[in-house]
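Notes to accompany the following structure.
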Amino acid sequence: MSNANDPGADPAPPAASKALTPPADAKAPVRHPDAPAPGELLGSHYGHCFGCGGEQPHGLHLEARAQDGVRVTAEFTVRPAHQGAPGLAHGGVLATALDETLGSLNWLLRVIAVTGKLETDFVRPVPVDTVLYLDAEVTAVAGRKIYSTATGRIGGPDGPVAVRAAALFVEVKIDHFIDNGRPEEIQAAMADPDQIRRARAFEVNP
């Protein structure tokens, strides 16, 4: 991770590491025909998720919307509970916002995938009470590997860049969660009568 607080023009994004560079035989992502329509609010994938869940009082309560292609936009407001330095968002919270937004892309592919690698660049500080505007897209798919990038801006969707990320997600089966999660939470999620909520509960957890 890098950290730069240059108040000037947005610096060019650094080159992605080798692990986050799609291989030569990677394919362009294909939006699933049953993906949410552009402009549709995706909603929380799991009520107890720290990133998007409404049942987490100090969570980010991030809201993501589907866009054209395999792309989403999202917003979250930095609250006092999200501070690192006085009056500024904690870097880990900003990384969580990026990860949550990137993870929501998988719903446009209609696959269950987990974060394999996330590289974050902190370009400028994000004050408390600031709205962070995030934009993420899948750039390539190679087998079970899903490559994506995201940018977070302050002051508006076209404002100065505050954070960037490149990520690798890996498609998994439901067994990943059954084998590694706490049985009571897994059973509760799988018992949900709503088929879509039941599927989405296992969408982005690492």
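Remarks
- Ranked by how many other beta carbons lie within 10 Å on average, peptides 156-164, 80-88, 98-106 from highest: 98-106, 156-164, 80-88
- Treating r as the C-beta distance of ALA28 and ALA85 and R0 as 30 Å, the FRET efficiency rounds to 0.15.
- With all protein chains modelled, accessible area of SER148 [1.4 Å, Å²]: 0
The values are calculated or read from the model by the stated rules, or taken from the named source; none is laboratory data. From a predicted model like this one, the values you see are computed outputs, not experimental measurements. Reconstructed Cβ throughout: ideal geometry from the backbone, glycine too, with neighbour counts over all protein chains shown. For accessibility, only protein heavy atoms count, side chains too; no ligands or nucleic acids. Shrake-Rupley method; radii C 1.70, N 1.55, O 1.52, S 1.80 Å.
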